[in-house]
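**Q** One structure follows; several queries about it will come next.
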Amino acid sequence: MINNLVTETGCVSLNHVGEELCGDHFEVVTVDENTKVVVLADGLGSGVKANILAILVSKILSTMISASMPMNECIATIAKTLPICQERNIAYSTFTIAKITNNKKAEIYNFDNPLPILLRRGKNLEIPFTDQIIENKKIQMAEIDLINEDALLFMSDGVIHAGIGQVLNFGWERKEVIDYISKLYDPSYCAKTLATFITEKCNGLYDGRPGDDTSVVAIKIRERLQVNLLIGPAGNIEDDEKMLSLFFGKEGKHIVCGGTTSSIAAKYLGKELEMALDYEDLSVPPTASIEGVDIVSEGVVTINKVLEYVKDFDHENKFYFDWSFKKDGASKIAKMLLEEATDINFFLGCAVN
């Protein structure tokens with residue numbers, strides 16, 4: 001049977017208040033088409049030193065684990081490599097690692113981070129960790145089987161420290177994190193969305209001034225979904241039919257952007273192009289519809305708005321709560337590209353506008 005699953009990852013971080021650099025670092029390495037290594041490292045303290053520690057640890061661990069090095073050798077290398085903090089006389093970084101194989105199995109290693117969470121159908125499934133002492137460090141280890149829609153959540157301790165001394169006496173405990181995300185969970189949410197929900201809650205508990213670097217990494221197993229986006233007619237009008245044949249010949253969902261492009265697509269399909277008159281958002285032109293096309297939108301203005309959402313999604317994802325609920329063309333396209341798609345094909349016409 002063909003494995004139609006894919007391992008999707010997403011990370012959102014909050015910097016310690018007053019710091020430009022985050023003391024946590026997220027690294028993902030695609031070893032081959034069947035293996036992916038994901039690391040979240042939390043450096044000692046905050047700011048530049050913590051950032052350097054976290055980057056070193058995540059880079060070293062992801063590289064060594066990708067090369068199938070034994071865990072004891074990885075830990076020993078970390079212990080010998082990290083620079084010593086002159087103020088505290090220690091070299092320290094916590095970490096969580098997952099090695100995902102064939103989108104079906106995960107080897108997990110955790111050192112001093114909050115224990116990872118596994119959501120299956122939106123409910124918590126406790127991971128059977130065992131402890132092993134390596135280089136005088138207690139490493140929690142587990143091997144688990146994964147199924148479609150499983151979500152693994154890694155956290156730095158900024159998550160469970162959220163709200164201490166502000167709105168909570170003892171911080172936001174792991175069981176409360178589980179309860180919160182379980183209630184919000186929906187199968188349609190991508191990995192980045194799950195991470196966003198938790199960090200947004202943490203930011204609220206910190207009253208917008210995080211007292212610790214706070215990161216959440218989400219790893220989700222999901223079915224592959226291809227999305228195809230076409231914008232602009234072909235540079236040579238004689239190539240329009242060939243381009244449209246290739247575009248509509250692709251499996252998955254289809255997005256057509258641009259007035260002229262939409263007219264050509266409708267003619268090719270032998271369907272009516274129906275224009276909408278209502279503005280869902282005054283800054284984005286109305287959409288249209290063609291039978292057989294999932295989204296039909298205006299071109300340059302709409303795509304520029306989508307690009308703004310995409311750039312933000314790759315970093316803080318602060319616009320998520322705009323595009324995920326709005327119904328204008330840019331929001332619909334962003335939702336399909338960023339939350340639904342696992343594979344995207346772009347068809348770019350070269351005709352001069």
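The values are calculated or read from the model by the stated rules, or taken from the named source; none is laboratory data. Quick caveat, the model's predicted, so the values are computed rather than measured. Cβ placement follows ideal geometry from the backbone for every residue including glycine, while neighbour counts extend to all protein chains displayed. Heavy atoms of the whole protein, side chains included, go into the accessibility calculation; ligands, DNA and RNA do not. Shrake-Rupley method; radii C 1.70, N 1.55, O 1.52, S 1.80 Å.
**Q** Using a simple charge model, +1 on the beta-carbon of Lys and Arg, -1 on the beta-carbon of Asp and Glu, nothing else, what dipole does region 29-164 show about its Cα centre, in debye to the nearest 20? List each step's numbers first, then the result.
**A** Values: 13 positive and 15 negative charges, 31 e Å.
Charge dipole, region 29-164, about its Cα centre: 160 debye, nearest 20.
**Q** Please list, by residue number, every one of the chymotrypsin sites (Phe, Trp or Tyr not before Pro) in region 242-296 that is coil in DSSP and has at most 13 other beta-carbon atoms within 10 Å. Present the calculation step by step, with values, prior to reporting the outcome.
**A** Values: sites: Phe247, Phe248, Tyr268, Tyr279; in loops: Tyr279.
The qualifying sites are Tyr279.
**Q** Cross-link list Lys220/Lys332; Lys105/Lys326; Lys192/Lys327; Lys123/Lys311; Lys123/Lys192: which exceed 29 angstrom alpha carbon to alpha carbon? Walk me through the numbers before you get to the answer.
**A** Numbers: Lys220/Lys332 22 Å; Lys105/Lys326 37 Å; Lys192/Lys327 20 Å; Lys123/Lys311 31 Å; Lys123/Lys192 18 Å.
Correct reply: Lys105/Lys326; Lys123/Lys311.
**Q** Subtract the Cα-Cα distance of Glu251 and Arg120 from 0.36 nm times their separation in residues, and report this length gain in nm to one decimal. Each step should come with its number before you reach the end.
**A** On the way: separation 131, 0.36 × 131 = 47.16 nm, distance 2.84 nm.
The span from Glu251 to Arg120 would gain 44.3 nm if fully extended.
**Q** Here's another thing I want to ask about it. Once you order the gyration tensor axes a ≥ b ≥ c over the Cα atoms, which shape class does region 197-353 get: rounded for a/c under 1.5, otherwise prolate or oblate by comparing a/b with b/c? Could you put the intermediate results ahead of the total?
**A** Details: a/c = 2.60, a/b = 1.98, b/c = 1.31.
Prolate shape, in that a/c is at least 1.5 and a/b is the bigger ratio.
**Q** Which whole-number percentage describes the relative contact order of the chain, with Cα contacts under 8 Å and a sequence gap of 6 or more? All intermediate terms of the calculation are to be shown ahead of the outcome.
**A** Values: 750 pairs, mean separation 59.1, N = 353.
Answer for the chain is 17 percent.
**Q** In square nanometres and to one decimal, what's the mean projected area of the convex hull around the Cα atoms of region 225-270?
**A** On the way: hull surface 11.8 nm².
Average of the hull's projected areas for region 225-270 equals 3.0 nm².
**Q** Dipole of the chain (Lys/Arg Cβ +1, Asp/Glu Cβ -1, origin at the Cα centre): which of Ala76, Gly204, Val256 lies farthest to the positive side?
**A** Farthest towards the positive end: Ala76.
**Q** I would also like to ask the following. Measure nothing but the geometry: give the 0 to 90° angle between the long axis through the Cα atoms of 174-184 and the longest principal axis through the Cα atoms of the chain, rounded to 10°.
**A** Result, in degrees: 10.
**Q** At 0.36 nm per residue, and after removing the present C-alpha to C-alpha distance, how many nm does the segment from Lys138 to Ala351 gain when stretched out fully?
**A** On the way: separation 213, 0.36 × 213 = 76.68 nm, distance 6.14 nm.
Extra length from Lys138 to Ala351 when fully extended: 70.5 nm.
**Q** Averaging sequence separations of C-alpha pairs under 8 Å and six or more residues apart, then dividing by the length of region 199-353, give the relative contact order as a whole percent. Each step should come with its number before you reach the end.
**A** Details: 236 pairs, mean separation 44.7, N = 155.
After rounding, I find 29 percent.
**Q** Expressed as an acute angle from 0 to 90° and rounded to the nearest 10, what is the orientation of the C-alpha long axis of helix 191-205 relative to the principal long axis of the chain?
**A** Approximately 60 degrees, to the nearest 10.
**Q** Which GluC sites (Glu not before Pro) in region 1-33 pass both tests, a DSSP loop state and at most 13 other beta-carbon atoms within 10 Å?
**A** Numbers: sites: Glu8, Glu19, Glu20, Glu27, Glu33; in loops: Glu19, Glu20, Glu33.
Passing both the DSSP loop test and the Cβ count: Glu20, Glu33.
**Q** So, in nm, how far is label Phe325 from label Tyr92 when the simple model puts each one 7 Å beyond its Cα toward the Cβ?
**A** According to this spin-label approximation, the distance is 4.1 nm.
**Q** What FRET efficiency comes out for Ala276 versus Asp131 if R0 is 56 angstrom and r is the Cβ-Cβ distance? Round to the nearest 0.05.
**A** Working: r = 59 Å, r/R0 = 1.06.
The value I calculate is 0.40.
**Q** On full extension of the chain, what length is gained from Val48 through Glu316, given 0.36 nm per residue of separation minus the C-alpha to C-alpha distance? Mind dumping the intermediate values first?
**A** Values: separation 268, 0.36 × 268 = 96.48 nm, distance 1.94 nm.
That pair, Val48 and Glu316, stretches by 94.5 nm at full extension.
**Q** Leaving out same-chain residues fewer than 8 places away, which lysines sit with a Cα under 18 Å from that of Lys59?
**A** Correct list for Lys59: Lys36, Lys49, Lys80, Lys99.
**Q** What's the angle, to the nearest 10 degrees (0 to 90), between helix 240-249's Cα axis and the longest principal axis of the chain?
**A** 50 degrees
**Q** Considering only protein heavy atoms and a 1.4 Å probe, what is the carbon-and-sulfur percentage of the accessible area of the chain?
**A** Numbers: 8930 of 17630 Å².
The computed percentage sits at 51.
**Q** Counting only helical runs of four or more DSSP H residues, what would the 222 nm mean residue ellipticity of the chain come to if each run contributes -39,500 (n - 2.57) and the total is spread over all its residues? Could you put the intermediate results ahead of the total?
**A** Numbers: 9 runs with 103 residues, N = 353.
Rounded to the nearest 500, it is -9000 deg cm²/dmol.
**Q** I'd like to know how region 1-142 sits against the 2.2 N^0.38 Å rule of thumb: what's its Cα Rg over that expected value? Numbers along the way, then the final one.
**A** Working: Rg = 15.8 Å, N = 142, 2.2 N^0.38 = 14.5 Å.
Cα-based Rg divided by the globular estimate yields 1.09.
**Q** Quote the FRET efficiency, to the nearest 0.05, computed for Ile344 versus Glu176 with a Förster distance R0 of 35 Å and r equal to the Cβ-Cβ distance.
**A** On the way: r = 36 Å, r/R0 = 1.04.
Plugging the Cβ-Cβ distance into 1/(1 + (r/R0)^6) gives 0.45.
**Q** Follow-up. Accessible area per residue, 1.4 Å probe, Å², for the chain: what's the number? Please list the in-between numbers first.
**A** Values: 17630 Å² over 353 residues.
Solvent-accessible surface per residue comes out at 50 Å².
**Q** May I ask for the Kirkwood hydrodynamic radius of the chain, worked out over all distinct Cα pairs and given in angstroms to one decimal? Don't skip to the end; give the middle numbers.
**A** Working: mean 1/r = 0.0451 Å⁻¹.
Final number for the Kirkwood radius of the chain is 22.2 Å.
**Q** Using the Cα centre of the chain as origin and beta-carbon charges of +1 (Lys, Arg) and -1 (Asp, Glu), tell me which of Leu5, Ser289, Thr302 is placed farthest towards the positive end of the dipole.
**A** Towards the positive end, the residue furthest out is Leu5.
**Q** In angstroms, what radius of gyration and Dmax does region 134-192 have, counting Cα atoms only?
**A** Considering region 134-192 through its Cα atoms, Rg and Dmax are 15.0, 42 Å.
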